Amino acid sequence: SEATSTPSTVTAESCSLSVSSYLLVSFFHLIKLQNQMHSGHYYTGVISVQSATYGRTSSQICSAGRPRSQISNTWCSKNVPVIFKRCNGLRTCEFKAQGLARPDPCFGTYKYYTTNYICITAETSVTCDRGYGYLKCEHGKIQINTANYGRTDKTTCSQGRPSQQLQNTNCFSPNALDFVSKRCEGKSSCSILASNSVFSDPCFGTFKYLNISYSCVSKCKCYCIEKLYCIVFLCVD
């Protein structure tokens, strides 16, 4: 059966390249990154999910009050890719945990969600309509967090534009993230034209702009001990 306790909040105490592992055991779950002071440094960033699973790999976790028959199977684990899609690139991620991992990977076992994530620094590129956006990483490779061609406020790229072209702030391109990711992901630099000819027109009559959040990431190797539990990432260019 699925774990459905009261709502909980998960906060990353430090945004460094060490693994943070938290359990997603609530009906609704919130991952939130905040500016925290740790060893004299402030850490900021966006969520980068390293792994997300559903099942049971320990007889101790989420076991209180459960009969032995529901916690004895510790060979049950299923990847949950939807958590990557919903949370990567965001500072706060909230979702309904129930039903994310269907079908049931091990019927009769009381299961829980486990997410490993780190905080990564994000860069922002904003390009007004018919201009070129340039993404560049001095170290590492480009990882696209979010991308939208449209308009979500009345002030960005507003200079000299008539007010009627700025009113629609609920304008989103459905293919922007996929297109930008395919064009730029894994490269050291890339350029993209912000134009209807590239993304199609998601809101006719509105002056649009291309807003991209990206990170420069390095290749990470996971060193694991004790039954393959990952405890540290070593990142190199």
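Long-range amide H contacts for residue 171: which residues qualify at under 5 Å (H placed 1.01 Å from N, peptide plane, sequence gap of 5 or more or a different chain)?
HN-HN under 5 Å from residue 171: 151.
Test of understanding: ordering 109, 124 by Cβ neighbours within 10 Å, fewest first, what list do you get?
Ordered from fewest to most neighbouring Cβ atoms within 10 Å, 109, 124 come out as 124, 109.
Output the Cα-based Rg and Dmax of the range 123-217 in Å, rounding Rg to one decimal and Dmax to a whole number.
Rg and Dmax of the range 123-217, Cα atoms, are 13.2, 42 Å.
For residue 195, list long-range residues whose amide hydrogen, built 1.01 Å from N in the peptide plane, is under 5 Å from its own amide hydrogen.
130
Take the range 121-160, drop everything but the C-alpha atoms, weight them equally and run the Debye formula without solvent; then report log10 I(q)/I(0) at 0.14, 0.23 Å⁻¹ to two decimals.
Relative scattering, expressed as log10 I(q)/I(0), comes to -0.41, -0.92.
Which of 208, 141, 182, 136 has the fewest other C-beta atoms within 10 Å, and how do the rest follow up to the most?
Starting with the residue having the fewest Cβ neighbours, the order is 182, 136, 141, 208.
Need one number: the % of Cα-Cα pairs in the range 53-181 sitting beyond the 17 Å mark.
That fraction is 71 percent.
Starting at the first residue of the range 126-133, write each ³J(HN,Hα) from the Karplus equation 6.51 cos²θ - 1.76 cosθ + 1.60 with θ = phi - 60°, in whole Hz, x for Gly and Pro.
Once θ is set to phi - 60°, the couplings for the range 126-133 become 10, 10, 5, 3, 6, x, 9, x Hz.
Within the set 111/182; 141/208; 96/208; 187/208; 96/187, which residue pairs have Cα atoms separated by over 30 Å?
111/182; 96/208; 96/187, as the Cα separations exceed 30 Å there.
The numbers here are math on the coordinates, done by the rules we state, and not lab data. Keep in mind that this is a model prediction, so the values were computed, not measured. As a convention, Cβ positions derive from the backbone with ideal geometry for all residues, glycine included, and neighbour counts pool all protein chains shown.
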